[in-house]
Amino acid sequence: MPGDILSVDNLRKHFPTKEGVVRAVDGVSFSIAPGETFGLVGESGSGKTTTAQCIIGMYPPTSGDIWFKGERINAAFDRRPKHVKGDLRIVFQDPGSSLNPKRTIKQILSVPLQVHRIGSRRGRLARMKALLDMVELPADEYLYKHPQAIGGGERQMVALARALATNPSLVLLDEPTSALDVSVQAKIINLLIRLQKELDLTYLFITHDLSLMRNIATRVAIMYLGKLCEIAPTAEFFESPVHPYTRMLLSSIPVVSDEEEALKPRKVLSTGEIPSPVNVPPGCGFQSRCPEAADVCRRVDPEMVEVSRSHQVRCHRERRPDRAGHAEASVLHEREERLC
Ligand SMILES: Nc1ncnc2c1ncn2[C@@H]1O[C@H](COP(=O)(O)OP(=O)(O)OP(=O)(O)O)[C@@H](O)[C@H]1O
Ligand SMILES: [Mg+2]
């Protein structure tokens, strides 16, 4: 859509392997507006990281398009214009392996500044100190340390400072807290929220922790076996989930109060494992685990349909006659609200 910072259009990334073709990402479309935190959630192996790797240019897509601020950026990272590389950055899950242990933090932070020719020599030192200050690490103490001399949370703060060095608009966060202790996770999340406000950042936040999304995401998308099953604004996502898989994930989130328990969707039982992306079953990818699967689900892969203007779901259930009235009513409510 015009005005979106990122649009991913029917993205596919297939990996040919000895066992067969891995359909890691298999027709994914979504857009992110400036200032959003778009949560991409899914179980292990659903294709979240591969989606981010295509967006950042680590892999060229098998097919489909990636648009950033109106510019098509399908090319691999090395062939992308410098302004795109600086404006679109990524923070990986494991800061241990993404930071070179042989370099000091000063050397690590100086790389993006040199590559993007930001500041004079003296200006760069001031910028590195400001970056550490931004991520709440005292510069004098940390600038000359090596990554292995600091904790996991602090390493992730350095990785974030490195990503922010070029003043990006969009930061891809691939499970930025999942390798960390719970107390450190909260600190990083609060830091991300504060920095987003202060620096006008947009986030694509990848996680398998759905409960994390409630407080941080503006919209949530659920990924399953290389495809998106549901996209909705956060409040609507948690209050009126539609896809049986989403309801299954929500019903298994641990809660702390009876009030929260009452808000949870009725327990949806599911059996089985996520199928291999090499042997994707015919029909809907979720049908082998879906408690509501009908005959059509085993034959035809459903298309993404609108539950309302901002809420999409990929499930035959939405097309069945008993659901048609519900979908129509939602669209009407939306339309009336827009006319107010
Ligand atoms: N380079 C590759 N070659 C072959 N298969 C790959 C490659 N990269 C990823 N895959 C496969 O693609 C699928 C999706 O992987 P991906 O890492 O994107 O999942 P994920 O959702 O990020 O999982 P996790 O939550 O564990 O990080 C998996 O089955 C994975 O084994
Ligand atoms: Mg991953």
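Summary table below
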quantity	calculated
Residue count for segment 124-143, restricted to those that are under 26 Å from HIS83 (Cβ atoms), without any contact (Cβ under 8 Å) to a residue 40 or more places away in the chain and open to solvent by less than 30 Å² (accessible area, probe 1.4 Å)	3
PHE238, sole failed condition from (1) among the aromatic types (Phe, Trp, Tyr); (2) open to solvent by less than 10 Å² (accessible area, probe 1.4 Å); (3) free of Cβ contacts under 8 Å to residues at least 40 places away in the same chain	(2)
Subset of segment 37-57 [farther than 14 Å from ARG12 by Cα and either over 11 Å from the mean Cα position of the chain (by Cα) or part of a loop (DSSP other than H, G, I, E, B) (or both)]	GLU43, SER44, GLY45, ILE56
Given (1) within 27 Å of LEU199 (Cα to Cα); (2) touching a strand residue (DSSP E or B) at 6+ places or on another chain (Cβ under 8 Å); (3) in contact (Cβ under 8 Å) with a residue 40 or more places away in the chain; (4) surrounded by fewer than 18 Cβ atoms within 10 Å (Cβ to Cβ), number of the condition PHE92 does not satisfy	(4)
Selected residue (criterion: farthest from ligand 1 (Cβ to nearest atom)) from residues of segment 24-69 that are in contact (Cβ under 8 Å) with a residue 60 or more places away in the chain and of a type in the set (D, E, K, R)	LYS69
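The rows are residues; the columns are (1) in a helix (DSSP H, G or I); (2) in the same structural domain as GLU303 (by TED's automatic domain parsing); (3) open to solvent by less than 10 Å² (accessible area, probe 1.4 Å).
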position	(1), (2), (3)
VAL171	no, no, yes
ALA179	no, no, no
ILE188	yes, no, yes
MET213	yes, no, yes
ILE231	no, no, yes
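One line per residue, one yes/no per condition, for (1) at negative phi; (2) modelled with pLDDT of 95 or more:
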residue: LEU6; (1), (2): yes, yes
residue: ASN10; (1), (2): no, yes
residue: PHE15; (1), (2): yes, yes
residue: LYS18; (1), (2): yes, no
residue: VAL22; (1), (2): yes, yes
residue: ILE32; (1), (2): yes, yes
residue: PHE38; (1), (2): yes, yes
residue: GLU43; (1), (2): yes, no
residue: THR51; (1), (2): yes, yes
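The values are calculated or read from the model by the stated rules, or taken from the named source; none is laboratory data. Computed from a predicted model, the values in this text were never measured in an experiment. All Cβ positions, glycine included, derive from the backbone under ideal geometry; neighbour counts span all protein chains shown. These accessible areas exclude ligands, DNA and RNA; they are computed on the full protein's heavy atoms, side chains included. Shrake-Rupley method; radii C 1.70, N 1.55, O 1.52, S 1.80 Å.
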